[in-house]
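Each value in this text was obtained by applying a stated rule to the coordinates, not by laboratory testing. Because the structure is a prediction, the values reported are computed rather than measured. Counting neighbours? That spans all protein chains shown, and the Cβs are built from the backbone with ideal geometry, glycine included.
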Amino acid sequence: MTDVIIPVDTVVGVAPPLVTEEHVSHAHEEHGPSGILKWLTSTDHKVIGMSYMITSLALFYVAGIMALVLRLQLTSPNASVVSFQQYNELFTMHGSLMLYLFAGPFAFGGLANYIVPLQVGAPDMAFPRLNALSYWLYLTGSITMMLGFVVAGGAASFGWVAYAPLSSATNSPGAGGDIWIMALILTGFSAIFTGVNLVGTIFYLRAPGMTMFRMPIFTWNMLVTGILILIAFPVLTSALIMLFCDRHFGTHIFSVQGGGSPILWQNLFWFFGHPEVYILALPYFGIVTEVLPVFSKKPVFGYKGMVFATMAIAALSTGVWAHHMFTTGLVLLPFFSLLSLLIAVPTGIKFFNWIGTMWHGQLSFTTPMLFSIGFLCAFLMGGVTGVMLAAPPIDFFTHDTYFVVAHFHQVLFGTAVFAGFAGLYYWYPKMFGRLLSDKLGKWHFWLMFIGFWVTFMPQYEVGLKGMPRRVASYPPNLGWQIYNQISTVGAFIIAISFAILLWNLWISWRRPVLAGDNPWDAHTLEWFTTSPPPHHNYTHLPPIRSERPTWDYNHPEAPSIVGHGEGKRLEKAKLS
Amino acid sequence: MDSTPDRTPAPPRVSQRFGSAWRVVRSRRSLILIALAPIFLAGCQVPTFGAYRGATTQGRDAFKLWQGFFIAGLVIGGFVLLLILWAVFRYRKRSEEIPRQSQYHRLVEILYTVVPLIIVSVMFVFVVITENEVDATPKGQVQVQVTAFQWGWQFYYPATGKVVEGETTEAPQMVVPAGETINVSLKSADVIHGFYIPQFNYSRYAQPGTVNHFNFNILHNGVYRGQCTQLCGLYHSLMLFSVKAVNPAQFAAWEHNVPSNNATIGQLKARIKAGGPGA
Amino acid sequence: MKIEALFLIGVGIFFGIVGAVYWFTSYEDGGTMMLAGTCLLGLVPGSYYLFWHRRMGNRLEDRDDATIEEGAGVISSFPGSSIWPFVLGMGAFMTVLAFAFGIWFIFPAVGLILTALVGVTAESRRGGNV
């Protein structure tokens, strides 16, 4: 156990950087464990965050290969690339891996774990050992999920949503379903503990002068995500335990025969499920809000609007769960339709703020910037189709078709993949002290961008023509094949772009190009420290007078002008 | 020391400050209002945007809503995309000069909060109107009871006791009269299935323990394919059916022709368990 | 701490209103209970923070003009490295495997969990690496 002491910093205003004393405790220079034991016992948020990112990216590639198999099967109407049972297992696991084991953990377990303490000027997360426990629960949960493939009867095959009564013991016997439930209980607790850590760190470990409204937007988004995790995941964990009891302990919570209600599962699941997709989206919105200002050389436009829009999105998202259940005939349609339509408003505010950030800026198109702009394009269309789905009469003929599949892939791919890679390329220099090749990054981006549209645009059309989702085969005489073939070609283009990413990671490691502390001339606090940051993150801190402490320190001649005519009053307050 | 140019004390007018963008916003707003007008037109000259026109009156109403939403989406999405592309091309880095570090513009922010709110509220009104049309269930001339099971469909006509059923690719056919109001009640014998007829622009869940009621008013004779949309197990992708709309007279003759060996759900499920298709 | 408190109380009030509207328009039990739970999730910690804010005033990170020097000194204790999260994680893993692969897994699982709990407590009391 080591105490951490914040050093005295004599830097004031525009004086040149000179640290006179460093009262950094020497206790943490002891020879701690090394090698594998170091990894097993580390409670450093940077090590844990890195472990999360590597594990989740590996699972991302595994789930991606599953997707390629699915697309191969669908290239012809009655293909036998895999059997019906294997197909059902593959899409269940593809969805489960992507949503439960990649998109969320990469964002809140990986990037947020690494970056949030740095952005608020803290030495570590609030509860370091709990943080480590989160990772071990996530790793073992992922292993448990993959164990589904080796048990008799195969992995779970009831879709990532596991609707009752299909997920009951009668309809889905075998250990695969139980393994799936257990894996999600582990990863669910992992997420809950991370949520606690995020909220605790952001509330309690900010550096002096970093008020709530001076936090970077990424940190704000992670705070809101943390609260959403605490709202949503306990509901999932409870529902999973109930499902397990139904399967094994003779309860009848979700089965009609015993007086239960199948639709209760859907209500419980989607009360988790809809906030879950915003848990997946908000961190990535935060990444984009970090990248765009840096490469436009301007501050975030409409900071407070962004904060309140994020809160509005999160609040509304908790009230719209039954828009996944419009076709049950058992939910209050106008309530959920109105709230779903309303989410478009704060999302639109965010979009206009992102555009406003770029407006009148000096845009440089590095790889993170390209990925962020790619996100804007992808999410724009995904969001518009989401508004369409919010109308029950439209949902009636698009629900459970490839239209919905295209919609959620657009929004999820746009956020978790495009914005996620923007974050990876943006923060990689901070984490490793070296740059990823920008040239290979551009190849990665353009191939992925093109592949993305080629894959998912035909899926909208074939969904409108009537092709349902989760089908292992389709009738040959309906004209659906050509759309599926184009979509498969797109999927392989995306696969090639992922290979380029691997090549980039490899080559940048072998032939490093050193990055320095702040290669992007970025704004937020984490860019003030070294790359990679030292143990306990900071040896000295700049004064914190705005949401851009590093920018203020490096560019005292260009402080933020708040609006019209207010510049002078606020500039005076900013210069301490 | 200050490298950014001094601003005049009086706040510049919005049109000066945002210039071309402000004009674009104003003209785009009127365009949106005009664009929503086609909902009231017959819709025949507006493109279908990929959806079916709807072979039932309910389907037609849903289709018109789809057209309205698609146009609104096209206009608004197109506008935002234009802004993004404009920013990307117009504000490319031209020099090392640090641009004006503006952080907010109250009027524009209020505008892009209030205007989307109004647009969304108007859209909601249309949603409610269409929803009431699509889900209205006045008593009709014909009743059909649909039961979904793993992995087929049963259509039961209580008026005469006629039963049509089939599993997977046998694709049972529900015969109904065109031009009359048909009351459908839908349930499931086991897991949740989805009763989906693309050309009717309609689907609904078949659930155990609860019955869903909805109406069809089919406009023209024809055969309309249907399929299960909600994952229901191994042969989910093979759970096909169709709806055949005929003249009322033909329908009456068909409905009264009840063979004596109608299978029951139980017998059918036993036959499936013995050796399913596609194994 | 005021903004944090108001944020959470705001969450509570929002879900209180939404829950009430949902109940009186749908009379559906499940959703209403979940919305009521979410309302409590905001109100309970939020009022706790508000109480403490009233009592202790602004902390350094709540003040606009706080300087880094004022924050000099010990922040908190951050355990540098610890084997117990790993052990606890393995215990949880085995508990879960017990449900799927055989109930005998529960014995090593409980052993690991108890060891970890004891170890973590001892570590916290002693204040050092194990």
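The order of B:LEU219, A:LEU370, going from fewest to most other C-beta atoms within 10 Å of their C-beta, is B:LEU219, A:LEU370.
Using Cβ point charges alone (K and R +1, D and E -1), the dipole size of chain A about the Cα centre works out to roughly 780 debye. Restricting the calculation to alpha carbons of the range B:78-130 gives Rg and Dmax of 17.1, 56 angstrom.
The residue list B:ASN217, C:THR121, A:ILE36 was ranked by how far each Cα lies along the charge dipole of the protein assembly as shown toward its positive end, using unit charges on Cβ atoms, and B:ASN217 comes out on top. Close amide H pairs (under 5 Å, H built 1.01 Å from N) link B:VAL175 with B:LYS244, residues at least 5 positions away or on another chain.
For the range A:191-347, the equivalent ellipsoid derived from the alpha-carbon gyration tensor has semi-axes of 36, 19, 10 Å in decreasing order.
Membrane-span-like helices in chain C, defined here as complete DSSP H runs extending at least 27 Å along the helix axis by their C-alpha atoms with mean Kyte-Doolittle hydropathy no lower than -0.5, are C:2-26, C:29-56, C:106-126; this is a sequence and geometry rule, not a statement about a membrane. The phi torsions of the range A:252-265, fed into the Karplus equation with coefficients 6.51, -1.76 and 1.60 and a -60° offset, translate into couplings of 10, 6, 10, 10, 5, 4, x, x, x, 9, x, 6, 4, 4 Hz, rounded to whole numbers, with Gly and Pro shown as x.
For the cross-link pairs A:LYS442/B:LYS93; A:LYS38/C:LYS2; B:LYS187/B:LYS244; A:LYS465/B:LYS187; A:LYS350/A:LYS442, which exceed 29 Å when the distance is taken from alpha carbon to alpha carbon? Don't skip to the answer; put the middle values down first.
Values: A:LYS442/B:LYS93 18 Å; A:LYS38/C:LYS2 40 Å; B:LYS187/B:LYS244 20 Å; A:LYS465/B:LYS187 25 Å; A:LYS350/A:LYS442 26 Å.
Cα-Cα > 29 Å for A:LYS38/C:LYS2; rest within.
Would you list A:TYR204, A:TYR474, A:TYR425 from fewest to most Cβ contacts within 10 Å?
Values: A:TYR204 16, A:TYR474 21, A:TYR425 26.
So the ranking, lowest neighbour count to highest, is A:TYR204, A:TYR474, A:TYR425.
Each Lys and Arg adds +1 at its Cβ and each Asp and Glu adds -1 at its Cβ; summed about the Cα centre, the range B:142-273 shows a dipole of about 160 debye.
Electrostatic tally near A:ILE115: other residues with Cβ closer than 12 Å to its Cβ, Lys and Arg +1, Asp and Glu -1, net 0. Proximity of backbone amide H atoms, modeled 1.01 Å from N, is registered between B:THR210 and B:SER188 at under 5 Å, excluding neighbours fewer than 5 places apart on the same chain.
Need one number: the % of Cα-Cα pairs in the range A:21-539 sitting beyond the 34 Å mark.
On the way: 47413 of 134421 pairs.
The proportion of pairs with Cα distances above 34 Å equals 35 percent.
Compactness of the range A:58-107 is given as radius of gyration and Dmax, 11.7, 38 Å, from Cα positions. Relative to the longest principal axis of the C-alpha atoms of chain A, give the angle of the C-alpha long axis of helix A:438-464, reported between 0 and 90° and rounded to the nearest 10°. Approximately 30 degrees, to the nearest 10.
Restricting things to alpha carbons, find the Rg to Rh ratio for the range C:8-110 using the Kirkwood radius for Rh. The Rg/Rh ratio comes out at 1.21. Couplings for the range B:243-253, taken from phi via the Karplus curve 6.51 cos²θ - 1.76 cosθ + 1.60 with θ = phi - 60°, read 10, 10, 9, 10, 5, x, 5, 4, 5, 4, 4 Hz in order; Gly and Pro are left as x.
Seen against the Cα atoms of chain A and their longest principal axis, helix A:45-73 is set at about 30 degrees.
Taking max minus min of the alpha-carbon positions on each principal axis, the protein assembly as shown gives extents of 100, 74, 56 Å, largest first.
Placing unit charges on the Cβ atoms only, positive for Lys and Arg and negative for Asp and Glu, gives the protein assembly as shown a dipole magnitude near 1760 debye about its Cα centre. A:LEU333 sits among other residues whose Cβ lies under 10 Å from its own Cβ, and their net charge, with Lys and Arg +1 and Asp and Glu -1, is -3.
D for the range A:404-562, whole µm²/s, Stokes-Einstein with Kirkwood Rh over alpha-carbon pairs at 25 °C and 0.890 mPa s: what number?
On the way: Rh = 18.8 Å.
Estimated via Stokes-Einstein, D reaches 130 µm²/s.
With θ taken as phi - 60° and the Karplus curve 6.51 cos²θ - 1.76 cosθ + 1.60 applied, the whole-hertz 3J(HN,Hα) list for the range A:289-294 is 5, 7, 6, 4, x, 4 Hz, x standing for glycine and proline.
Taking neighbour Cβ counts within 10 Å as the exposure measure, how do A:GLU557, B:GLU180 sort from fewest upward?
Details: A:GLU557 11, B:GLU180 15.
Exposure proxy ranking, most exposed first: A:GLU557, B:GLU180.
The angle separating the long axis of helix A:402-412 from the principal Cα axis of greatest extent in chain A is about 20 degrees. Compared with the direct C-alpha span, the chain from C:ILE103 to C:TYR27 gains 23.1 nm at full extension, assuming 0.36 nm per residue. FRET efficiency for the pair A:LEU72 and B:GLU133, taken as 1/(1 + (r/R0)^6) with r the Cβ-Cβ distance and R0 = 45 Å, rounds to 0.60.
Determine one quarter of the surface area of the Cα convex hull of the range B:142-273, which equals its mean projected area, and express it in nm² to one decimal.
On the way: hull surface 29.2 nm².
Value for the range B:142-273: 7.3 nm².
Summing charges over neighbours of A:PHE365, with a neighbour being any other residue whose Cβ is under 9 Å away from its Cβ, gives +3 when K and R count +1 and D and E count -1. To the nearest 0.05, what FRET efficiency results for A:PHE149 and C:ILE17 with a Förster distance of 56 Å applied to their C-beta separation? After rounding, the FRET efficiency stands at 0.75. Taking amide H positions as modeled 1.01 Å from N, with prolines and chain starts lacking one, the residues under 5 Å from B:GLY226 and 5 or more places away or on another chain are B:PHE241, B:SER242, B:VAL243. Pairs of Cα atoms in the range A:162-277 fall into 5 Å distance bins, from 0 up to the last occupied one, in shares of 2, 11, 19, 18, 14, 10, 8, 6, 5, 4, 2, 0, 0 percent.
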